[in-house]
Every structure is written in structure tokens, then in C-alpha cells.
Amino acid sequence: MAEEENLKVAVRVRPFNKRELGRKAKNVVSMSGQVTNLTHPDDPEDTKAFTYDFSYWSFDGSKEQADGYFAKDSPGSRYADQETVYKDLGGGVLSNAWAGYNSTLFAYGQTGSGKSWSVIGYGANKGIVPLFCNDLFRGISENKEQKEFEVRFSMLEIYNEVVHDLLNPNKSKKGLPVRQHPKKGFYAEGLKMALVTNYQEIEQKMNEGTVNRTIASTNMNATSSRAHTIVGINFIQKFKNAAGQETAKQAVINLVDLAGSERVESTGATGSRLKEGAAINLSLSSLGNCIHALAERSQGRQVRVPFRDSKLTRLLMNALGGNSKTIMIAAISPADINYEETLSTLRFADRAKQIKTKATVNEDPTDKLLRELREENDRLKKMMQGGKIDKDFIDADGDGVDDRVTEDVKKKWEEEMKARMLENELEMANMKKSYEEKLRMAKKDFVDPTIAKKEQEKQTKPHIYNLNVDPILSGRIIHILNPGVNTIGNRKGEESNITMISPSIQEQHAELILGKDGKVSIKPVNTDCRVLVNGSPIQGDTTLCHNDRLVFGATQLWVFQNPPESKKAKLPNQTITYEYAQEEIAAKSGVNMTSGGDADMAKLQEDLLEVMPAVEEANSISEELDKLVKFEILMVAPQVLGKPTGKTEVQVKMKNLANGTEFVWTKEKFLNRLYMMKEMYQKYEDEDEWQKPEEEDPFQESLDTEVHIGTVQVNLQPLAYNVELKEQLEITNYKGADVGMMNVELIPCDSKGHEYTEADDKFVDAPSDLVGKDVNFKVKIHNCRGLPNKYADMYCTYKVYLEEKEARTKAVSETSNPNFNHSKIYSFSPATEQLADYLAKGTLTIKVMGKQRVRKSAMQRINGLTTKDMLKSDRAVFSKTANLMNGFQMNGRVVDPQKQSIIVELLLMKKTQARLQQKVDSIRKLVKEAENVSKVRVSTSLLKEVLQANTPEQADQLIRKITGFP
Ligand code: ADP
Ligand code: MG
């Protein structure tokens, strides 16, 4: 009984957050019925419509109730609250579970779009998981008499292609292996499946799992937005079927909170050196590939679906293409600055809705199940003894071509066979056990009592709680302060009672002292220990107040709470957020987050808030691992990047302190590198092999990497008048500083490249006069002068008009004054209006590229110095050469467009003037000649001809006619 159906897709748009409200962001999403519309922020005409099974409006029309629940603000409100979404989506999952179908629900969207809100929920706004579990147990208690039930709960996280058991975090650092079972599909071997008997137990388990995620994120330096969380619920109903046989009906429910979908495609990675980009988010990009392939398949095309490419797609294989009823929630932001991400999410959802799955009811008599398991194991045993490796293994990548059978493949196969048999045996044992027996075993390992105890103590005792960039992980770790000294340090043991494992946290880092009077003060252990209170660094003893923000080392963010003090002073209840604490730190280092400004400014601010702590962290890791690298934030104007228009971008400069080379990375590239740096740091912490070969080291950039030395902007306007331009222009680098000069020419010519001279006089009065004529010109780059003497393989590159490939000069090395002697002809036959417009208004951007050479002097200078020594004098996060603009430190100087156009105008005026002069001269000549021959009248037609003559020679010829008439 297989039921084929399409994957259901729901879109949900969240409300504006505080910052978006503050800057009066524009909403680009609207909904009506099943349709979701997305409008381009700069073009109201450009609206794209998407149709899904459900479109949920959670943007406005809500009101916060006393308990914190967001409900409709009026009966007519369109606001989709948690109950509404649950009823549609979760309700379906619930009835499927009772019917014995497997179900999967996954949430997709960029970080901060509301995935966790929908799947897990916040406080009173419970998400689908808790509401589903609540309903499930309600149903169970109503049917207790007729049936026996078994519910198991599991929670895992996939981070960096490693599967972590969130209910058993210490089990294995290497993570759980993902195995394939012929009947069940893929599963995580050894995953703890906690037996739960009521809703409270599930809630406790979920809390435990989330606390473990938080610990991993805080102390194991993981980037939580790049983790996928899968909550699994295994629901078994046991009863006697019509034939009186003992029967089991089983449903596996997976609720998936995916990693943030941003940056999957736009990683800015070049080359495959570090497998940057795609590989970092392998699971998510594989999911995209699978969904793409499955959508193709639904159109009847025969394509391979690469399920085996990643851990996530293996574990979701059933959900996507097999025995499951599946729902996807696409979470989107309404804000203008998220337009691109929102569009990509909606397109992803559009593909997903085409996918078809085939669910079957999993119901069988227990005896049959037992017999099958036994038979399966007999079969596996025989196969093992026979040594004949099965097809799946010889073709591990599933491309239909057999791989070579090596010893390694054989070993893996044997391991897999053993794992399968073990899994079957466990299942048989489990089936034979009575429910009471299982319960007794489960009670032994139930619930970590410290979590519940701390939740109670935090009401009355001074404590600190964590802040995480992911709001769902904030406030999950609580340290209750003991009377007297509480030491914070990076090692577990006697020296410290509070352990924080992060770069630049010292063995003994800071002391929190709870006095007899109930007051708490804080003190760094020595000057190497970075401690910030409310964004400012402190050295000595500092008394803390309720709600003070604390930073330890580079990344540990905490909030201090003193409940007795707060009660006494009747302080209002105030929730400190991660954003608040970060903005405070930014403000103290001179960057004020203004609430005004346009969308571009808002994006710049958000990027800064993301990159500032990241650069701090990268520098701390560099210091700890002694990588001799320093990172600095740059704000680069688009003109400097060679784009005529666009937004100022946050980029990161990587300075190699050892050899003086510098590389500028995009924000995406830097964040990807940081992800790898953290992984390296974690290995170092775990005392694993952490050093990597140079080409895989995230702190290294190959000296062969081309860098952008500088840019020249050439005004094309002269070409629009068929006038040549010969210029020596400044070359500016990413900081807006001059790094040299370039000698460039743009010369009109004929189709063979013969350059027009003054005498050819092809000058036109207006660019529109070019339309319909043949237009040819040469771009000549003669040389550069005065470049810094540290580049090899220098060349220039540029793109004219609609040209697809960049033109480039030859490469020159070992000089500050490279001669390129480059010349290239461009021909347009005939010129279009668009071309004339391009020439009249456009600029040609010429980029100077090159490779850095290592300065020997720099190498010698650092002899014996560590990264720490070198960073001591300069820990500034912003590039020192930065200047201030709009209250921001700007490195990108905008090339003054005014200056260039004045030069061109002058050139054109000179031309016009020369031509007028020539005409006046010709008329004078004509008058003089007429007087010479004593002529009183000159015909108007002759006058006209002389005025229209293009050259003095032509005019002379005409004038000579006069003498011909008596
Ligand atoms: P994600 O898991 O996609 O990174 P979250 O679910 O954590 O995003 O949501 C980000 C923020 O937006 C949270 O602070 C959350 O409170 C808020 N939020 C998301 N969806 C909603 C909603 N439907 N209603 C109100 N607030 C929401
Ligand atoms: Mg989330």
C-alpha cells in the first residue's frame, strides 16, 4: 500500500526584528492565498509570484500576550501564529504517525529567517516539535487501554560532516558512523534513542540536547548556523490485528532544522585549493543537488540522485525520495536587504514542491518481523563467509560503474555487514523485551539533574548566562556563583570552577568574587587576560551590576545576573540580546550603528557586526597557534573594486607578518576560512594532529595567488566624439591610495587599425551622430610607472562594452615600471544607440594584477618573534590607514568622477574651438580673395559650402573658385 504524493511546501515570513524596525526597513514580501510575492527593492515593477501549498503571513497583525505568546491582534488578523502553523503542518504529521507512515518536516532558509522558531519555538511560542509531542502523548493516554505504545526520542547534529549525538555528547569525538540498512535506509549507528513516557520527559530531553548544542557552540568553537539538527521520534503501536496476531505499527518522524542556507553558492571561492565554499557546507549543497535531481526526475528525466554525497542527504534519503510523507517549511525574511537570499529560498522551495515520495504503512505482525530479522542475519552471515562483496559496496558512489575492490573496500564492507547484523540483533532483543523491562533500563540514564537544579537556583542566586549569536542557544548555559572566589579558566580541574575553552582564554583568566554583602566583582588574573565589562576592557577589580555584559577572551559572551539585587532595586525585567552586546562593543571601538541610512548602509552595518567579532576571533586563534597572521577589516568602495556602481563592501585583509605579503578576502571567503581555523583550533585543543600542509592551512595563501594591485578608471567620453584620449592616470589601490601611474590611450581608427589624425577630422558634434556608422578604436596600455617594488607577473586586464572575456596585457616581472606595449582594436559595425550611450557615459576600468614577492628584509626582522609579540603592539580590528566617512572608517576612496569629466570637456571644447576658428579663418580668406578680385557680391551657396567644409584644404579649393568668376 504505497501512496505517491508530492512533497508539501509551506512558506512563512517572519516579522521585522528590532534593527529592521529601527531603520524603517522596506518589506519586499506579500502574500495572498497560496501565493507569495517578492518585489525587487529598487524596482516595484519587478514582482515574482510563487505558489505553494501554504503561505504563512507572520509579518504583522500579532500581539504579545501576558505569557509571551504571539497571537492574532484581532479576529480578522492575517497573522499566522504557532498554533495555526502547527495545526496545518504538524497535524498532518501526527495523523500520519498514527496511521503508520514515516514523516519528515524540514525547515530551510537563511540564518535568522525563523527556522528554529517554526521547528523548535521560543518560550511560550512553542514550535512544531513540542506541540507535536504534546498531542502525541495526549492521543496515547486516550488509547492506553487498547494498545501498547513505545516512544523514543533522539536528537543529532551534523556539523562539518560529523554526526554528533546530542543526547550523548561525549560518546565519540569522531562522531557516529552513518550506515545503510536494506530495509530502514540510512541510520546513525549507536544513536541514543531515549525511551520517553510523557511530554515532560520529551521536553527535558530536548532541553538537554539544546544545552549540549550550546556547549559545543560555545566551548568547542562551532558555528551553530552551519549545523543541521535532526530530532527523531520513533513511535510504535502494539496491538492484536484482526487475525489475532501480535502486531507492531511503526512510524519514524524526523523534524529537521537545517543549517542557514546563505553563502552556499556565493562563497567567492576561487580554485579548489581548500575546497572552499561548497565542501564547507557539503551537506547543504548536496541537499540542493539531490532536490534538483529529484525535481528533474519528477519531470520524467533519468538522472542520478547523489544521496550518498553527504551525511545529511543519506539520513534524509527516505524523506526525499522514499518511504515518507514530507513537508518543507521555507522560512523567509521580509527585509529589503535579504532580497537575494529570499529569492533563492523561494526558488529552492519551487523545485522541492515537484518532488514525489512514496509512503507505505509500516505495519507487520511481530512474529513476521522477528522472522525476517533472523533470516536477514542468516543471509548476511552467509555472505560474509562467502566473501562476495555486494553491489552497493563495489559501486560506492552509485554511478553504475564498479570501483576496484581493494583491501580497504573489503574491510569497510565487513565492518558494514557486522554493523547491520548488530543492528538487527539489537532490534530483535528489543522486540523480545517487555515494556516494563525497557522502562526500568531507561530510568537509569534519565535526565541530567544539574540542568533542572540550575534552572531553580538561577531564580535566587547570582550567576552568569551565555549569549550566543544563535538566539535559540542564548541563556542555555548557567554558572551559579559560589560564595568567595570563582575562577574562570580554560582547563577543567582544581584551578578553575568555570571552564571556558576558547582562543585567548588563559589557564586562569578571571575571577568572579561573590562577597558576604552579596556584591559581585570581577578581576582579570593578569594583563594578558582580555576581559570586557559592558564593552570596555578592564584591568583591576570592577564591581558588577545586574545585567552587565561580560566578554572573556575573544568570543565568550556572558550576562551577569544578581536576582537579590534586582529584586531589591525593583529593576525592570530586561532581556539582553547578543546583538545588543555586540553593538555595544562595536560602539566602544568607534563604530556606531546608526538607525538612519538606506538599505546599503544597513547591510554594511550588519556585515560589520558579523565580521568584527569574527576578526577578533581569527586573530586570537592566529595568536594561540602562532600563525604569524593578522586580520583587519577594510571597507572598500565599489569603484576601487573596479565596479562603476554598487555598494561599499566589508572585506578582510590578511597580513602575513612573516613575509609582509597581504591578501584581501571577501567577507564570505574570510568567514569560510574562519570556519576552518576554528576546526584547526579545536583539534589543537583536543590534542589531535592539528597542523596542516601549507596548501590546506586556512591561515596561508599561496604566493602564486594573484592580487589586485590597483585600478585605473578611464573616461570613455572622447570616443563618443571620435576624439582620441592620451592620458597618464593614477592607479589607486583598495585603500584609495595612489600606487603608481598608467599611460593609456584610446584612439579612434579605421577598421584596419589605421589611427585617425587631426587631419582626418572624424570629430562628431554629438554621440548620437555615431549611430549607424562604423566605429573602431584602439585601447593602448603603454606602461605603468612607480608601482611598489614587490610584484611579479604584473598585467592589466579590462573589459570593453559587452565583451564577455576580459582582455589582458602580457605579464611583466621584476620592475616598478612595467612596459606592456599593449594595443587592441575594437570594431562596431555599425554602432548602435546603446554603444553610443555607453561611450558617452561609461568608464573603462583597468585592473592591475600581480603576484607578491617575499621581502627578504621582512623575513629577517621577525626572527624569534611570536604572533603574540607582534600583535601586542597592534590589535586594532580596523586597518590603520582607514579614514572616516559618514561616521565610518572608510578605506575605499572614491575616484573623483568630476575631475575626469572636466578634463574630457576641455578636450572637446578645444576641438570645437579649433573647428570654429578654422571656419572663421576660411570666411576671412574668402572675403579677402573677393576684395582682391574686386568682387562686391558672393553667392550664399558659396558661403554655405565654405562654412560646411571640414578641412582648411577643402575651404581653400572652394575659395579658389571665386577667382574663376570674372
Ligand atoms: P533561524 O533558526 O532561521 O536562524 P530563528 O528561528 O532563530 O532563525 O529566528 C530568528 C529571530 O527571529 C529570533 O529572534 C526569533 O525570535 C525571530 N522570529 C522568527 N520567526 C518569528 C515569528 N514567526 N514571529 C516572531 N518572531 C520570529
Ligand atoms: Mg536556528
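Some values worked out for this structure:
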quantity	calculated
Per-region count, the range 165-191, residues among the charged types (D, E, K, R) and open to solvent by 60 Å² or more (accessible area, probe 1.4 Å)	5
Identity of the residue in the range 225-259, open to solvent by less than 10 Å² (accessible area, probe 1.4 Å) and of a type in the set (S, T, N, Q), that ends up farthest from ligand 1 (Cβ to nearest atom)	THR247
The range 35-62 residues that are within 16 Å of ligand 2 (Cβ to nearest atom), paired with ones that are assigned to a loop (DSSP other than H, G, I, E, B) and at pLDDT 95 or above (beta carbon under 6 Å, 6 or more apart)	SER58/ARG14; SER58/ALA80
Residues of the range 461-487 that turn out to be open to solvent by less than 30 Å² (accessible area, probe 1.4 Å), more than 16 Å from ligand 1 (Cβ to nearest atom) and not in a strand (DSSP E or B), as a count	3
Filtered residues of the range 578-602 (kept if surrounded by fewer than 16 Cβ atoms within 10 Å (Cβ to Cβ) and modelled with pLDDT of 80 or more)	TYR580, ALA587, LYS588, ASP600
Selected residue (only one of LYS752, LYS805 is within 27 Å of ASN733 (Cβ to Cβ), without any contact (Cβ under 8 Å) to a residue 24 or more places away in the chain and surrounded by fewer than 13 Cβ atoms within 10 Å (Cβ to Cβ))	LYS805
Listing of strands (runs of 3 or more DSSP E) fully contained in the range 1-46 that carry 1 or more residues being surrounded by fewer than 17 Cβ atoms within 10 Å (Cβ to Cβ) and among the polar types (S, T, N, Q)	2-6, 29-32, 35-40
Test: residue in the range 305-326 that is part of a strand (DSSP E or B), open to solvent by less than 60 Å² (accessible area, probe 1.4 Å) and in contact with a helix residue (DSSP H, G or I) (Cβ under 6 Å, 6 or more places away or on another chain)	yes
Of all residues in the range 73-104 being in contact with a Gly (Cβ under 8 Å, 6 or more places away or on another chain) and among the hydrophobic types (A, V, I, L, M, F, W, C), the one that is nearest to ligand 2 (Cβ to nearest atom)	LEU94
Selected residue (criterion: nearest to ligand 2 (Cβ to nearest atom)) from residues of the range 112-164 that are among the basic types (Lys, Arg) and open to solvent by 30 Å² or more (accessible area, probe 1.4 Å)	LYS126
Any pair with Cβ under 8 angstrom, 6 or more apart, that starts in the range 463-475 at a residue that is over 16 Å from LYS115 (Cβ atoms) and ends at one that is within 10 Å of ligand 2 (Cβ to nearest atom)	ASN466/LEU473
Filtered residues of the range 767-777 (kept if within 16 Å of ASN950 (Cβ to Cβ) and either in a loop (DSSP other than H, G, I, E, B) or among the β-branched types (Val, Ile, Thr) (or both))	LYS773
Criterion (among the polar types (S, T, N, Q), within 16 Å of ligand 2 (Cβ to nearest atom) and in a loop (DSSP other than H, G, I, E, B)) met by exactly one of SER261, SER225, SER217	SER261
When residues of the range 508-545 are limited to those that are charged (D, E, K, R), over 30 Å from the mean Cα position of the chain (by Cα) and at pLDDT 90 or above, the one surrounded by the most Cβ atoms within 10 Å (Cβ to Cβ)	GLU511
Residue list for the range 431-452, filter: at pLDDT 80 or above, assigned to a helix (DSSP H, G or I) and out of contact with any strand residue (DSSP E or B) (no Cβ under 9 Å at 6 or more places or on another chain)	LYS432, GLU436, GLU437, ARG440
Search result, residues across the range 47-59 that are buried (at least 16 other Cβ atoms within 10 Å of the Cβ), within 16 Å of PRO334 (Cβ to Cβ) and in contact with a Ser or Thr (Cβ under 8 Å, 6 or more places away or on another chain)	PHE50, SER55, TYR56
LYS567 vs. criteria in contact with a helix residue (DSSP H, G or I) (Cβ under 7 Å, 6 or more places away or on another chain), surrounded by fewer than 20 Cβ atoms within 10 Å (Cβ to Cβ) and assigned to a helix (DSSP H, G or I)	no
Of all residues making up the range 1-32, the number that are at positive phi and modelled with pLDDT of 90 or more	0
Among residues of the range 81-111, those that are within 12 Å of ligand 1 (Cβ to nearest atom), surrounded by fewer than 23 Cβ atoms within 10 Å (Cβ to Cβ) and on the phi > 0 side of the Ramachandran plot, counted	0
Search result, residues across the range 431-442 that are open to solvent by less than 40 Å² (accessible area, probe 1.4 Å) and either farther than 14 Å from ILE236 by Cβ or under 44 Å from the mean Cα position of the chain (by Cα) (or both)	ALA442
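The values are calculated or read from the model by the stated rules, or taken from the named source; none is laboratory data. This structure is a prediction, so every number in the text was calculated from the model and none was measured. Glycine also receives a Cβ, built like all others from the backbone with ideal geometry; neighbour counts cover every protein chain displayed. Calculation scope for accessible area: heavy atoms of the full protein, side chains included, ligands and nucleic acids excluded. Shrake-Rupley method; radii C 1.70, N 1.55, O 1.52, S 1.80 Å.
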